[in-house]
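To start, the structure itself, in structure tokens.
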Amino acid sequence: MYCTPKIHKEVTPVRSIVDYTGSIGYNTSRALADILAALMGKTDNHVKNSQEFATEMPSVLIDEGECFVSHMWFRCLQIRRLVKL
């Protein structure tokens, strides 16, 4: 395990990095990543990067009880807060 600094933050916290290579689930994870990579960008819901997301976001309406979901579970809450602003 090693850490990288988040230099864009004011206090400069660190992000822990764990090397998964050679672990029990690595080959399964690698195979799944290869399958998913072939599907990336081929749906109407795919967003290439944060700039594209920010450009498209103002035109998206969110109904009560709905939220945007990302590959990272906590993003839904952050986006919900952002939309309320």
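Once region 35-51 is narrowed to residues that are surrounded by fewer than 10 Cβ atoms within 10 Å (Cβ to Cβ) and assigned to a loop (DSSP other than H, G, I, E, B), the residue that is modelled with the lowest pLDDT is 45.
Scanning region 31-63 for residues being within 30 Å of residue 21 (Cβ to Cβ) and not aliphatic (A, V, I, L, M) gives a total of 8.
Here's the yes/no breakdown for (1) at pLDDT 80 or above; (2) exposed (fewer than 10 other Cβ atoms within 10 Å of the Cβ); (3) of a type in the set (Asp, Glu):
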{"position": "20", "(1), (2), (3)": "yes, no, no"}
{"position": "30", "(1), (2), (3)": "yes, no, no"}
{"position": "53", "(1), (2), (3)": "yes, no, no"}
{"position": "61", "(1), (2), (3)": "yes, yes, no"}
{"position": "70", "(1), (2), (3)": "no, no, no"}
{"position": "75", "(1), (2), (3)": "no, no, no"}
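Any idea which of 40, 1 is among the aliphatic types (A, V, I, L, M) and more than 17 Å from the chain's Cα centre (by Cα)?
Numbers: 40 fails: more than 17 Å from the chain's Cα centre (by Cα).
Going through 40, 1 in turn, just one is among the aliphatic types (A, V, I, L, M) and more than 17 Å from the chain's Cα centre (by Cα): 1.
The values are calculated or read from the model by the stated rules, or taken from the named source; none is laboratory data. Values in this document were obtained by computation on a predicted structure and should not be read as measured data. With ideal geometry, Cβ positions are generated from the backbone for all residues, glycine too; neighbour counts draw on all protein chains shown.
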